[in-house]
Amino acid sequence: MDYSTLIFKAIFLIIILLVTLVVAMYSTYAERKVAAFMQDRNGPNRAGPFGLLQPLADGLKMFMKEEIIPLTANKYLFILGPSIAMTTALLTGVVIPWGDTLTIGDHVYSLQMADLNIGILYVFAMVSIGVYGIMIGGWASNNKYALLGAIRAASQMISYELAMGMSIIALVLTTGSLSLHDIVSQQHGMHWNIFYQPLGFFIFLTCAFAETNRAPFDLPECETELIGGYHTEYSSMKLGFYLFAEYVNMFISSAVIATLYFGGYNMPFIDQLGLSSNAVTFIGMGFFFIKIFAFIFLFMWIRWTLPRFRYDQLMNMGWKGLIPLAIFNILATGTYYFFTSLK
Amino acid sequence: MEKLTNRSVVASDKKMTFMERIYVPAILKGMSITITHFFKKKTTINYPEEKREFSKVYRGQHVLKRDDEGRERCTACGLCAVACPAEAITMVAAERKPGEEHLYREEKYAAIYEINMLRCIFCGDCEDACPKEAIFLTDRIVASEYKRKPFVYGKDILVEPMDLRVDISARQTSAVHDFKKNKAFAHNR
Ligand code: SF4
Ligand code: SF4
């Protein structure tokens, strides 16, 4: 790896980090606007034009709040919790291919931080570590509501990770690769995986909702029963980190869904346009972000439509609904490929 | 029993059908409802910039009227204070001195007249009770304050300024007009 690549990677990393943070920040704004519109309200419109400065005002408010660490809490773990939640949320962005290659001079740079050959597994690993953030935070708070929230989060995540993993196995059967870069390049044009794996996509989407703790699966933080769940005892920016991590997760999940099932930066009829490769890359990147925003909107749309599941419904759906479906999906896919390869 | 609305449904815990158990149709239906609301006209308005029309007989901040010559109508009879269910009104009466005829219409007037806006429930009973048509509720909104003290409105706020007369014609309902026509109260004109 030469220096120019290193410098490019460093700059690209910072850009991705900033983009992730800004998108997450404005997701909070978008969420409030979407919620308002769906409830026939106007939403935030006081801070700046159309309330566009609202996220900044919220952030400032969070910083100004008093930092409270409960006396009986375990201090180190208490601080570690939100840090893990935030770190793992941000780490996932590394393997996502944000765009095709960019040619500057005679160098060709890939718009993906790291093309791991086990990209999908890496995403899973990070998502699974994310639950530690919630677990540790809830445990360290030394508060029964926080602990209940943490336990709920853990069991929910484990249950839904199973189904999620299995839906991915079926996907890997079709793509034959674990690298996100390969998966995306295979979906060139309109060969999006959604057309080959509709059931897998449906399962993955449902699990993504559960993994990000979004409604209707927001039982870990469920305000009505657990007064905030795992972040009951948190205040100031530590609370901000937890809430923010949720939005970062939402952004990353949308990116992963778009990458795995909706062709990532691929768009139909791009070859016919006859543009230069850099232009194609940029258009593709824009298209990728449109897909991501569409999924973020879907996340919000669902959240403001559905009430929260009951805990037994959640578990029933995970273990008796999604996992059998996912197994069936693997079997069906496997059988299909077995018989088509026989010919 | 007769139903109050036609929208009530009988609750039951029957077994869910297969379509209900897979949730998806119901979820899609719910999502179609929310998305139509997404594009609907908003029911809220941007309050300080836009204002909703008030009802004609809206009961807001009180005004102590002056008569056509600009003299205060209130005679500190105390009937409003007696009528007030929230006990929001207090006053101190004083005798009109010679030479003050252009200030007060009656020989007795209210030197201090206070309404506690935190106590007031804006029922309008004070207005009904007043024999002198001195106090009326108007369509003005009582402003918010940071402390409790400023909510006790004195005569400086309540009495209408000479150059800024408050229109209370909407509050003068037919009952008020009948009252005015009554000969027994002719001295009130
Ligand atoms: S409006 Fe009712 S509550 Fe208010 S001062 Fe008059 S009588 Fe009392
Ligand atoms: S406002 Fe009317 S009722 Fe009240 S003291 Fe004055 S004259 Fe009497």
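The values are calculated or read from the model by the stated rules, or taken from the named source; none is laboratory data. Quantities reported herein were computed from a predicted structural model and do not represent experimental measurements. For neighbour counting, all protein chains shown are included, and Cβ atoms are generated from backbone atoms with ideal geometry for every residue, glycine included.
A few remarks follow.
- Consider region B:43-94 and keep the residues that are touching a residue at least 40 places away in the same chain (Cβ under 8 Å) and among the basic types (Lys, Arg). The one that is nearest to ligand 2 (Cβ to nearest atom) is B:Arg73.
- Looking across region B:65-93, the residues that are of a type in the set (A, V, I, L, M, F, W, C), touching a strand residue (DSSP E or B) at 6+ places or on another chain (Cβ under 7 Å) and within 14 Å of ligand 1 (Cβ to nearest atom) come down to B:Cys74, B:Cys80, B:Ala81, B:Ala88, B:Ile89, B:Met91.
- With respect to being hydrophobic (A, V, I, L, M, F, W, C) and over 26 Å from A:Phe262 (Cβ atoms), A:Ala153 fits the description.
- Check on B:Cys126, within 15 Å of ligand 2 (Cβ to nearest atom), under 28 Å from B:Lys51 (Cβ atoms) and modelled with pLDDT of 90 or more: no
- Of all residues in region B:95-139 being touching a residue at least 60 places away in the same chain (Cβ under 8 Å) and closer than 15 Å to B:Ala76 by Cβ, the one that is farthest from ligand 1 (Cβ to nearest atom): B:Glu133
- Evaluation of A:Ala30 against the conditions (1) hydrophobic (A, V, I, L, M, F, W, C); (2) modelled with pLDDT under 85; (3) within 28 Å of A:Met113 (Cα to Cα) shows that the sole unmet condition is (2).
Listed here are the residues, each with its yes/no results for (1) more than 13 Å from every other protein chain (Cβ to nearest Cβ); (2) hydrophobic (A, V, I, L, M, F, W, C).
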residue	(1), (2)
A:Phe282	yes, yes
A:Met285	yes, yes
A:Phe295	yes, yes
A:Trp304	no, yes
A:Phe309	no, yes
A:Asp312	yes, no
A:Lys320	no, no
A:Leu325	no, yes
A:Ala332	yes, yes
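- Residues considered: B:Ala76, B:Ala81. Of these, the only one that is away from chain A (no Cβ under 14 Å), of a type in the set (Gly, Ala, Ser), in a loop (DSSP other than H, G, I, E, B) and surrounded by 15 or more Cβ atoms within 10 Å (Cβ to Cβ) is B:Ala76.
- When residues of region B:129-155 are limited to those that are more than 16 Å from ligand 2 (Cβ to nearest atom) and among the charged types (D, E, K, R), the one surrounded by the most Cβ atoms within 10 Å (Cβ to Cβ): B:Asp139
- Residue in region B:38-45 that is surrounded by 14 or more Cβ atoms within 10 Å (Cβ to Cβ), within 14 Å of chain A (Cβ to nearest Cβ) and not acidic (Asp, Glu) present: yes
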